[in-house]
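The values are calculated or read from the model by the stated rules, or taken from the named source; none is laboratory data. Note that the coordinates shown come from a computational prediction; the quantities given were computed from them, not determined experimentally. Ideal geometry is used to build each Cβ from the backbone, glycine not excepted, and the neighbour counts take in all protein chains shown.
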Amino acid sequence: MRRSHIAVFVSIALSTALPALAQSAADGEKVFRKCASCHQVGDGAKNRIGPVLTDVFGSTAGSFEGYKYGKSMLAAGEDGLIWTEENLFNYLFSPKDFLRAFLDDPKAKAKMSFRLKDEQDRRDVVAYLSSFTVAMATPTNGFCVTNQSELTHVFAVDAGDAGRKVQELTPGQSLCTAESSTPQNGFVSVFETIEKDEGCSRLITAGNDEGMIRYSDFDRCEWTSNSS
């Protein structure tokens, strides 16, 4: 599986896991100046040489509207690459090598040739971009999930044909579907880590926000809707 190839790539790229050192959004803003000739972020941001990076976390690779992605990035998105903080942190070390590992394709190419090799710089850029994750009220025709536990977990909201989003949420953070013209019901799910494909899922109807209070394997999580 591709995750084994990514694990090898990450072991080469990283000396520690992402949460081990502090991250500074303020320092990340300064580092991002190196990226600003290609990427914009924030209100009014537009695609340039690279795509807009507002609300990038939780999005599928190659999916920002109006940007012409390379074939390898589109293939990665079709194969399930989601921009979590960890994935973007690793991608910034070497975009080409990251895509080759994910796709298990030694010929995969990245339009982005720039590499951000310094580990702390990458941590800080991730923190800076995280500050541009759009805060949403529960959409009238969509739904949200909130991490009400004391630990970080990976969450998903799935509205079927209306789209699926996956994101690592720290305690108190929420993930919502996009607003829709018609009511969308679906599923909210939580996994202990991005590598695990078993966790907890729950049906949810439009207009609701489900909270996960305590994580437990094999669909035994405690949710706000079933807590006493």
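Where residues in segment 188-228 are modelled with pLDDT of 95 or more and under 18 Å from the mean Cα position of the chain (by Cα), which of them is nearest to E85 (Cα to Cα)?
This residue is V190.
Does segment 62-83 hold any residues that are over 20 Å from I194 (Cα atoms) and of a type in the set (A, V, I, L, M, F, W, C), and which are they?
F64, L74
Identify, please: which residue in segment 103-144 is assigned to a helix (DSSP H, G or I) and not charged (D, E, K, R) and is, among those, surrounded by the most Cβ atoms within 10 Å (Cβ to Cβ)? Spell out how you get there, then give the answer.
First, pick out the residues of segment 103-144 that are assigned to a helix (DSSP H, G or I): 103, 119-130.
Next, from what is left, pick out any that are not charged (D, E, K, R): 103, 120, 125-130.
On the way: L103: 18, Q120: 14, V125: 26, V126: 22, A127: 19, Y128: 22, L129: 24, S130: 17.
Only one residue fits best here, namely V125.
Do you know which residues across segment 60-75 are crowded, with 21+ Cβ neighbours inside 10 Å and either at pLDDT below 95 or in a loop (DSSP other than H, G, I, E, B) (or both)?
First, the residues of segment 60-75 that are crowded, with 21+ Cβ neighbours inside 10 Å: 61, 72-73.
Answer for segment 60-75, where residues must be crowded, with 21+ Cβ neighbours inside 10 Å and either at pLDDT below 95 or in a loop (DSSP other than H, G, I, E, B) (or both): just A61.
Being surrounded by 11 or more Cβ atoms within 10 Å (Cβ to Cβ), under 30 Å from N90 (Cα atoms) and assigned by TED's automatic domain parsing to the domain that holds H153: is that true of I194 here?
Yes: the conditions hold for I194.
Going through T177, T170 one at a time, which residue ends up being under 24 Å from D79 (Cα atoms) and not aromatic (F, W, Y)?
Working: T170 fails: under 24 Å from D79 (Cα atoms).
The unique qualifying residue is T177.
For G172, work out the one condition from (1) at pLDDT 90 or above; (2) more than 19 Å from F89 (Cβ to Cβ); (3) in contact with a strand residue (DSSP E or B) (Cβ under 7 Å, 6 or more places away or on another chain) it doesn't fulfil.
(1)
Assigned to a loop (DSSP other than H, G, I, E, B), crowded, with 17+ Cβ neighbours inside 10 Å and touching a Gly at 6+ places or on another chain (Cβ under 8 Å): is that true of A178 in this structure?
No: the conditions fail for A178.
Taking N47 as the residue in question, decide whether it is on the phi < 0 side of the Ramachandran plot and either crowded, with 17+ Cβ neighbours inside 10 Å or modelled with pLDDT under 95 (or both). Full working, then the answer.
Working: on the phi < 0 side of the Ramachandran plot: yes; either crowded, with 17+ Cβ neighbours inside 10 Å or modelled with pLDDT under 95 (or both): no.
So N47 fails the test.
Please verify whether G66 is farther than 24 Å from A156 by Cα, in contact (Cβ under 8 Å) with a residue 40 or more places away in the chain and not assigned by TED's automatic domain parsing to the domain that holds H153, treating the condition exactly as stated. Give the derivation first.
On the way: farther than 24 Å from A156 by Cα: yes; in contact (Cβ under 8 Å) with a residue 40 or more places away in the chain: no; not assigned by TED's automatic domain parsing to the domain that holds H153: yes.
Spelling it out, it is not the case that G66 is farther than 24 Å from A156 by Cα, in contact (Cβ under 8 Å) with a residue 40 or more places away in the chain and not assigned by TED's automatic domain parsing to the domain that holds H153.
Could you list, in sequence order, the residues of segment 181-228 that are touching a Gly at 6+ places or on another chain (Cβ under 6 Å) and part of a loop (DSSP other than H, G, I, E, B)?
Hit for segment 181-228 is Q184, nothing else.
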